[in-house]
Each structure stands twice: as structure tokens, then as C-alpha cells.
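The values are calculated or read from the model by the stated rules, or taken from the named source; none is laboratory data. From a predicted model like this one, the values you see are computed outputs, not experimental measurements. As a convention, Cβ positions derive from the backbone with ideal geometry for all residues, glycine included, and neighbour counts pool all protein chains shown.
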Amino acid sequence: MNERGTVVVEALVALLIVAFAVGMLFETIGGGARRTAALAGRERAMLVAQSQLAQAATTPVPGTTTGLDGDLAWSVAVTNVDGLAPEPLAQLTVRVAPAAGGAPLATLSTLRLRG
């Protein structure tokens, strides 16, 4: 009977080790999926920012413009910059964040000649 009890305890310990290993595997796979989704969201935010920056750079007008692109909110701020160059410049800054709120996912800034 003593030997039989030892076998049961060994089987339970082995089962606990396997369960722990499977749990860690699921956690690793789930973490990878979350990181992949976050990276895809940042990549999409960068594409939106690049698109808005290219559009605003054609004719920079001082002020702030905002809009939505799906679940992303973007803003383009154009400010006049004087004294840096012989020609008048405008600084364009684009920020893209989740429309539900939160930290910006992408921020781009550049200088352009004022037209």
C-alpha cells in the first residue's frame, strides 16, 4: 500500500509540472499575440500620421486640424517659425492617438516653407 501511495504522489507531481508548463506556454503565446496586435496598431498610426503630414505639407496654414480615421484620432498643428532661416517657415506636427483616448501612438514633425 505504501508503494501505491508513492506512485499516486509522483503522478500528481508530474501532472502539476505538466500543467505549469502548459500554462507558461499559453502565457507566452498570448503575450506574443498581444505584442503583435500592438505593433500593428502603431504601424497603422504611423501610416495615418505620414498621410496627414503629406497632405498638410502641400499648403501649410497656421492652426490645428483634427479628424478621425477609423478608431484613430489625428491632429495636425501648423505654427509659424520665424528667425531660423531667411525664408519664412512653418512647423507641422501630426499626432495620432486612439479615438477612445490615451497616449499618442505616433508623432511626426517637420519644417516647410510657408507659401
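Quick rundown of the values:
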read-out	value
Extreme residue, modelled with the highest pLDDT, among residues of segment 69-115 that are outside any strand (DSSP E or B) and within 18 Å of GLN55 (Cβ to Cβ)	GLY70
Some residue of segment 77-96 being surrounded by 13 or more Cβ atoms within 10 Å (Cβ to Cβ), in contact (Cβ under 8 Å) with a residue 40 or more places away in the chain and not charged (D, E, K, R)	yes
Residue within segment 30-41 that is touching a strand residue (DSSP E or B) at 6+ places or on another chain (Cβ under 9 Å), modelled with pLDDT of 90 or more and outside any loop (DSSP other than H, G, I, E, B) present	no
Residue tally, condition among the aliphatic types (A, V, I, L, M), outside any helix (DSSP H, G or I), touching a residue at least 24 places away in the same chain (Cβ under 8 Å) and touching a strand residue (DSSP E or B) at 6+ places or on another chain (Cβ under 7 Å), over segment 42-68	0
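Listed here are the residues, each with its yes/no results for (1) closer than 24 Å to VAL81 by Cβ; (2) surrounded by 14 or more Cβ atoms within 10 Å (Cβ to Cβ).
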{"residue": "LEU15", "(1), (2)": "no, no"}
{"residue": "GLY30", "(1), (2)": "no, no"}
{"residue": "ALA37", "(1), (2)": "no, no"}
{"residue": "GLY41", "(1), (2)": "no, yes"}
{"residue": "ALA45", "(1), (2)": "no, yes"}
{"residue": "GLN52", "(1), (2)": "yes, yes"}
{"residue": "GLN55", "(1), (2)": "yes, no"}
{"residue": "THR65", "(1), (2)": "yes, yes"}
